[in-house]
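A.B. asks: Let me give you the structure first, and then I'll get to my questions.
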Amino acid sequence: MTILAIESSCDETSAAVIRDGDILSNFIANQTVHEQYGGVVPELASRAHMQNIVPVVHAALQKAAVQAGEYVNDASVNTMLQSVNAVAFTQAPGLIGSLLVGAQFAKSLALALNVPLIGVHHMQAHVLANLIEDPRPEFPFLCLTVSGGHTQIVLCESPLSLKVIGETMDDAAGEAFDKSAKLLGLPYPGGPLIDKYAKTGDPNRFKFPEPQMPALNFSFSGLKTAILYFLQEHTAANPKFVEENLADICASIQHRIVSILLNKVKAAARTTGIDQICIAGGVSANSGLRQAFTEMGQKYKWQTFIPAFQYCTDNAAMIAITAYYKFLENDFADLGTGPTARAEF
Ligand code: KG4
Ligand code: ZN
């Protein structure tokens, strides 16, 4: 059973092919046009998706043919396309213009190939990225999903039975990274840059506050304000403060974001009694989080799981694995279905 999956929720155009549960290809085109604007410009993202979608899908089919040992010449791309049993796409949440490009393309292709269509929830897919490769968690497991728009603790009872048991009340963890980076004068998206500079810094040099949020919920807006005041105060005394202390500032900010996240994971493990724990989403690419999470797992005797880097940030392989489980359940979408910018799962 072969599924072609398309992801276009934000600023990455991606396509993947999955056959019998194994990923054959995962092609991702990053949009660099947004860097100069300090954030994703929705209209430019939609336009870039329209330019990228055909070559990205072609590349994913070609790579899949090579991976399956079926590539002979360019006609093999069409042979791979003809073998597709369903077309999947990211249905929600995301930027509506971006989602529409992937949705329309997927629907047209499903119609042309006369195969079913599968709509996938982007945040559910981030969680299920943990099922792409071994070692895979056993059910039930917990997942901390940390991306640019979401911060959630999810209880997973089966691939399609997921429950959000904690989430952010304001900013997402990725936003906390990106907004902190912006205050430091770093370009968008700043998360990976904070990670990079933090590597040579002292995480205990500066102390930022940890919010006291009830239950398993998070808050990051107070941290952003605290960093703003901290920087204003120090640069008033020394205009070169950021320049001279960049590594220590980044390490201290990262240390606090990671401790806010992991303290709630610890609480979730305690309250649910579950010891199979995953992380997912763009921020799970953060080296400080990956290391602290692994160490915490060793300390508390959890089994911890982290997707490979290419499956942490937005990608179509996670849409493909989710679609695979939906296909097994005959969970198909109607051709009249449209994408939505917001949706619960
Ligand atoms: O999951 P994702 O690719 O897209 C969304 O669904 O939002 O997550 C993007 C977020 C951005 O905020 C980006 O700065 C952050 O993930 N991110 C990182 C790292 N790599 C990506 N944050 C911290 N450290 C990283 N290495
Ligand atoms: Zn995402």
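The values are calculated or read from the model by the stated rules, or taken from the named source; none is laboratory data. This is a predicted model, so every value here is computed, not measured. Positions of Cβ are generated from backbone atoms using ideal geometry, with glycine treated the same way; all protein chains shown enter the neighbour counts.
A.B. asks: Among the strands (runs of 3 or more DSSP E) contained in region 1-77, which hold 3 or more residues that are of a type in the set (S, T, N, Q)?
C.D. replies: Details: elements: 2-7, 12-19, 22-30.
Passing ranges, in order: 22-30.
A.B. asks: State whether the residues of region 137-144 include one that is more than 16 Å from ligand 1 (Cβ to nearest atom), part of a strand (DSSP E or B), under 22 Å from SER14 (Cβ atoms) and at pLDDT 95 or above.
C.D. replies: Here is the first cut: in region 137-144, the ones more than 16 Å from ligand 1 (Cβ to nearest atom) are 137-142.
Going one step further and asking which of them are part of a strand (DSSP E or B), we end up with 141-142.
Restricting the remaining residues to those that are under 22 Å from SER14 (Cβ atoms) gives none.
No, every residue in region 137-144 fails to be more than 16 Å from ligand 1 (Cβ to nearest atom), part of a strand (DSSP E or B), under 22 Å from SER14 (Cβ atoms) and at pLDDT 95 or above.
A.B. asks: Would you check which residues across region 194-211 are buried (at least 18 other Cβ atoms within 10 Å of the Cβ) and assigned to a helix (DSSP H, G or I) and list them?
C.D. replies: Our first condition is that a residue be buried (at least 18 other Cβ atoms within 10 Å of the Cβ); within region 194-211, this holds for 194-195, 197-198, 201, 203, 206, 208.
Hits for region 194-211 are ILE194, ASP195, TYR197, ALA198.
A.B. asks: Quick one: SER147 ticks every box in (1) within 16 Å of ligand 1 (Cβ to nearest atom); (2) surrounded by fewer than 22 Cβ atoms within 10 Å (Cβ to Cβ); (3) not basic (Lys, Arg) bar one, so which box is it?
C.D. replies: (2)
A.B. asks: Take PHE206 and decide whether it is over 24 Å from ALA285 (Cα atoms), of a type in the set (Phe, Trp, Tyr) and out of contact with any Pro (no Cβ under 8 Å at 6 or more places or on another chain).
C.D. replies: Working: over 24 Å from ALA285 (Cα atoms): no; of a type in the set (Phe, Trp, Tyr): yes; out of contact with any Pro (no Cβ under 8 Å at 6 or more places or on another chain): yes.
Judged against the criteria, PHE206 is not a match.
A.B. asks: Identify, from the list ALA280, ALA320, the residue that is within 28 Å of GLY21 (Cα to Cα) and assigned by TED's automatic domain parsing to the domain that holds SER219. Show your work before the answer.
C.D. replies: On the way: ALA320 fails: assigned by TED's automatic domain parsing to the domain that holds SER219.
It is ALA280.
A.B. asks: In addition: Only one of (1) touching a residue at least 40 places away in the same chain (Cβ under 8 Å); (2) assigned to a helix (DSSP H, G or I); (3) touching a strand residue (DSSP E or B) at 6+ places or on another chain (Cβ under 9 Å); (4) over 18 Å from HIS121 (Cα atoms) fails for PHE327. Which number is that?
C.D. replies: Only one criterion in (1) touching a residue at least 40 places away in the same chain (Cβ under 8 Å); (2) assigned to a helix (DSSP H, G or I); (3) touching a strand residue (DSSP E or B) at 6+ places or on another chain (Cβ under 9 Å); (4) over 18 Å from HIS121 (Cα atoms) is unmet by PHE327, namely (4).
A.B. asks: Starting from region 156-182, keep only residues that are more than 30 Å from ASP331 (Cα to Cα), then list their pairs with residues that are among the aromatic types (Phe, Trp, Tyr) and at pLDDT 95 or above whose Cβ atoms are within a distance under 6 Å, requiring at least 6 positions of separation or different chains.
C.D. replies: ASP171/PHE220; ALA176/PHE220
A.B. asks: Here is a further query. Would you mind finding the one in ILE194, ILE96, ILE132 that is outside the structural domain of PRO239 (by TED's automatic domain parsing), within 16 Å of ligand 1 (Cβ to nearest atom), among the aliphatic types (A, V, I, L, M) and more than 16 Å from ALA343 (Cα to Cα)?
C.D. replies: Details: ILE194 fails: outside the structural domain of PRO239 (by TED's automatic domain parsing); ILE96 fails: more than 16 Å from ALA343 (Cα to Cα).
Residue meeting the stated conditions: ILE132.
A.B. asks: So, one more: Would you check if ILE118 is farther than 16 Å from THR313 by Cβ, in a strand (DSSP E or B), touching a residue at least 24 places away in the same chain (Cβ under 8 Å) and in the same structural domain as ILE319 (by TED's automatic domain parsing)? Let's see the steps before the verdict.
C.D. replies: Details: farther than 16 Å from THR313 by Cβ: yes; in a strand (DSSP E or B): yes; touching a residue at least 24 places away in the same chain (Cβ under 8 Å): yes; in the same structural domain as ILE319 (by TED's automatic domain parsing): yes.
Answer is yes for this residue.
A.B. asks: Please go through (1) of a type outside the set (Gly, Ala, Ser); (2) within 16 Å of ligand 1 (Cβ to nearest atom); (3) part of a loop (DSSP other than H, G, I, E, B) for PRO214 and return the number of the only condition it doesn't satisfy.
C.D. replies: Tallying (1) of a type outside the set (Gly, Ala, Ser); (2) within 16 Å of ligand 1 (Cβ to nearest atom); (3) part of a loop (DSSP other than H, G, I, E, B), PRO214 fails exactly one: (2).
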